[in-house]
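Chemist: Sharing a structure with you now.
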Amino acid sequence: MSAGRVFTTDFAVRYDECDAAGWLRPSVYLCYTQEAATRDARDAGWGPHPWVIRRSRLFVHQAVGYAERLAVKTWGRGLGRSTAQRAYEFSDERGRLVAEAHSLWVYLDETTLRPSRLPADFNEIWFPGREPLAPSDLPDWPTNPATTPHSSTVSIGYSLLDGQQHLNNARYLDLLDDVTWAILSAQGLELEQASAQGGLLATSYDVEYLNTACLGDELTVNSWLSSTSVNYLDRQQEIRRDEQLVARSHSNWRWVNPLGEARAVPETVLSALAAAPLPVTPTALGERKKCLAHISPAFNTILGQNRVQ
């Protein structure tokens, strides 16, 4: 951990922040990191100033569910000319480290909204009395697989935007997750059938933001899905606007049962992954079949319910 300023804040997991399996969505971890950084800056009396996130890396060690409270600790990892690296640790009420994250922030000029040199007082706030850490090296991006990807088309709606009027960094993960479930659904995997056995839990998520996505943009998402072992799935995705690369992501997932314990990936999921790529749009999920009264086993466990009343 840095010898500079360390800030801690806390969050209570809301019901709407959990996925269909009952676990905290990967995107919400990034929402928490962004909010923790904002609270830190306000507490330090610095800002507000415009920033954008260039890269986010998330590592989940333990499933987190509804109503749990998380303490989020954040500190500076390193400074560049116009960039700042942050680290985050998420701990539950028992003190267990349940997740970690790193983010690369780019400081913008308030008038031009172009990358700008960090102000002179920035170092003294986050690294008082010492030289700041040099920026840490980030891992190289993996090459896309040579196989044909699943190709999906998405449109950026108003509810996905933030105060800078572009697709919020955390919402990219929701978009990528929606695309993945649309692919699995098109390949014959029923959500309720999968949920009865547990769900997919992201163990790592790496996202690089290369261009801005705005209201009404029609984007293409290319997805490569594979099983790396009996317990893990690998997902490599890229988002394009025509030929322009907007963002790219590499994530690893494991199958967990309703108690959050790692289990072998069900054959139904493996079969869907093995199917040939099909052109898919996430809106296909909106074509409702029969919506049954259903609460995931994870939520039933948390709420102390054995059945839906």
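Chemist: Using the structure shown, decide if Ser56 is under 30 Å from Pro258 (Cβ atoms), of a type in the set (Gly, Ala, Ser), surrounded by 20 or more Cβ atoms within 10 Å (Cβ to Cβ) and in contact (Cβ under 8 Å) with a residue 40 or more places away in the chain.
Modeler: So Ser56 passes the test.
Chemist: Please name all residue pairs, on different chains or six or more residues apart, with Cβ atoms under 9 Å, provided the first residue is in the stretch 166-190 and is on the phi > 0 side of the Ramachandran plot and modelled with pLDDT of 90 or more and the second residue is hydrophobic (A, V, I, L, M, F, W, C) and surrounded by fewer than 19 Cβ atoms within 10 Å (Cβ to Cβ).
Modeler: Here the result reads none, with nothing in the stretch 166-190 linked to a residue that is hydrophobic (A, V, I, L, M, F, W, C) and surrounded by fewer than 19 Cβ atoms within 10 Å (Cβ to Cβ).
Chemist: Continuing with this model, one more query. What number of residues within the stretch 95-116 satisfy the criterion of being aliphatic (A, V, I, L, M) and within 15 Å of Gln85 (Cα to Cα)?
Modeler: Qualifying residue count for the region: 4.
Chemist: A follow-up question, please. Cβ-Cβ distance below 7 Å, separation of 6 or more or different chains: which pairs start in the stretch 64-80 with a residue that is in contact (Cβ under 8 Å) with a residue 24 or more places away in the chain and within 22 Å of Trp126 (Cβ to Cβ) and end on one that is surrounded by 20 or more Cβ atoms within 10 Å (Cβ to Cβ) and of a type in the set (Gly, Ala, Ser)?
Modeler: The qualifying pairs are Val72/Ala36; Thr74/Ala36; Thr74/Ala37; Thr74/Ala87; Trp75/Ala87; Gly76/Ala84; Arg77/Ala87.
Chemist: How do the pairs read when you match residues in the stretch 103-117 that are surrounded by fewer than 17 Cβ atoms within 10 Å (Cβ to Cβ) with residues anywhere that are charged (D, E, K, R) and part of a loop (DSSP other than H, G, I, E, B), using Cβ under 8 Å and keeping only pairs 6 or more apart or on different chains?
Modeler: Pro115/Asp109; Arg117/Arg81
Chemist: Right, something else. Would you say Ala120 is out of contact with any Lys or Arg (no Cβ under 9 Å at 6 or more places or on another chain), crowded, with 17+ Cβ neighbours inside 10 Å and of a type in the set (Gly, Ala, Ser)?
Modeler: So Ala120 fails the test.
Chemist: Right, another one. Under 7 Å by Cβ, and 6 or more places apart or on different chains, what pairs join a residue from the stretch 195-220 that is closer than 30 Å to Glu261 by Cβ with one that is of a type in the set (Lys, Arg) and not in a loop (DSSP other than H, G, I, E, B)?
Modeler: Gly198/Arg263; Leu201/Arg254; Thr203/Arg254; Asp206/Arg57; Val207/Arg55
Chemist: Among the residues of the stretch 70-90 satisfying the criterion of being of a type in the set (S, T, N, Q) and buried (at least 18 other Cβ atoms within 10 Å of the Cβ), which is nearest to Glu208 (Cα to Cα)? Explain how you work it out, then say what you get.
Modeler: To start, the set of residues in the stretch 70-90 that are of a type in the set (S, T, N, Q) comprises 74, 82-83, 85.
Remaining after also requiring buried (at least 18 other Cβ atoms within 10 Å of the Cβ): 74, 85.
Working: Thr74: 20, Gln85: 14 Å.
For the stretch 70-90, the residue satisfying everything is Gln85.
The values are calculated or read from the model by the stated rules, or taken from the named source; none is laboratory data. Since this is a predicted model, take the numbers as computed values, not measurements. Glycine gets a Cβ as well: all are built from the backbone with ideal geometry, and neighbour counts include every protein chain shown.
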